[in-house]
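The values are calculated or read from the model by the stated rules, or taken from the named source; none is laboratory data. Here the structure is a predicted model, which means the values were calculated and not measured. Don't worry about glycine lacking a Cβ; one is built from the backbone with ideal geometry, like all the others, and counts go over all protein chains shown.
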Amino acid sequence: MRKRTAENLMMLLLCFSFVFLFRASTVNAARMEEAEEYELGTVFQGKLTFDEGVRYFRFVIPERSRVTLYLERSGKGCEGAVYNKTGSEMMKKADLEYKTDYFTGWSSASLSRILVPGTYYLEIRNHGKWSWQKYKFSFCIQAEKEIKLNRGVIRSLESPTEGELTVICEKAEYAIGYRIQYATDERLREGVKTVCSSTRVKTLKNLKKGERYYIRVCPYTVYEDGTFVYGQNSYTETIVIRKN
């Protein structure tokens, strides 16, 4: 008898849980449909009262892009996250690391993710505990086409002068520079030196004369927010440095 009662209570609890989750997801879906339209790249400033609870902003990503959310808030009770049309959290609020200006009381954070084409929703939520709590917020969402760089290629290595090495890289599409790594260690694990060149031709100086060096190159570029993007390292090439 007790076992049957416990089973019935468990089934009842599961039913209530299902109904609660269904209603919550339905409410969120309904709120998303009422979302305010947002244009990428613009700065939006607003406020959120306790009674409002949450505001949604809808935006569209036309192509696979690196999307960056810049969010500022006037208190810890205000949080943001980005969802797709199915309600999956694509830019999680837990990943936003805020820096606080204790003179103004405002906090700011930014987060970048690669998102596929589609419709997305920025959720700004008031987590305050009291009815008098309201928050100001400001955000901007920027999208840059995802950049993919090819593997680096060394076109030639020359040592025309004592203690010097000229590296010529194959041109890589979208690259703004080339990272050159070199060492006397064949595996390029110990004593590795790195230089970056904005051109495909770079002369390395003050190398050990008569020593064999191992070299690899990698193209790179930079997103607007300063984040570096690298291609793959080239295959390792080797050369003996001229000594006379």
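Collect the residues in the range 35-51 that are of a type in the set (Phe, Trp, Tyr) and either at pLDDT below 90 or in a loop (DSSP other than H, G, I, E, B) (or both), keeping them in residue-number order. Lay out the reasoning, then the answer.
Within the range 35-51, the first condition is being of a type in the set (Phe, Trp, Tyr), and the residues that meet it are 38, 44, 50.
Within the range 35-51, Tyr38, Phe50 qualify.
Given (1) closer than 19 Å to Asn150 by Cα; (2) loosely packed, with under 13 Cβ neighbours inside 10 Å, where does Val229 come up short, assuming only one miss?
Exception for Val229: condition (2).
Please go through the range 130-153 and pick out each residue that is of a type in the set (Phe, Trp, Tyr) and within 23 Å of the chain's Cα centre (by Cα).
Of the residues in the range 130-153, the ones of a type in the set (Phe, Trp, Tyr) are 130, 132, 135, 137, 139.
Within the range 130-153, Phe137, Phe139 meet the criteria.
Wholly within the range 122-209, which strands (runs of 3 or more DSSP E) include no fewer than the required count, namely at least 2 residues that are modelled with pLDDT under 95 and more than 25 Å from Val229 (Cβ to Cβ)?
Working: elements: 135-145, 154-158, 165-169, 177-183, 193-197, 201-204.
Of the strands (runs of 3 or more DSSP E) lying wholly inside the range 122-209, those with at least 2 residues that are modelled with pLDDT under 95 and more than 25 Å from Val229 (Cβ to Cβ) span 135-145.
Does the range 123-130 contain any residue that is surrounded by 14 or more Cβ atoms within 10 Å (Cβ to Cβ), farther than 22 Å from Val54 by Cα and of a type in the set (Gly, Ala, Ser)? Step through it out loud before you land on a result.
Step one: list which residues in the range 123-130 are surrounded by 14 or more Cβ atoms within 10 Å (Cβ to Cβ), which gives 123-128.
Next cut, farther than 22 Å from Val54 by Cα only: none.
No, the range 123-130 contains no residue that is surrounded by 14 or more Cβ atoms within 10 Å (Cβ to Cβ), farther than 22 Å from Val54 by Cα and of a type in the set (Gly, Ala, Ser).
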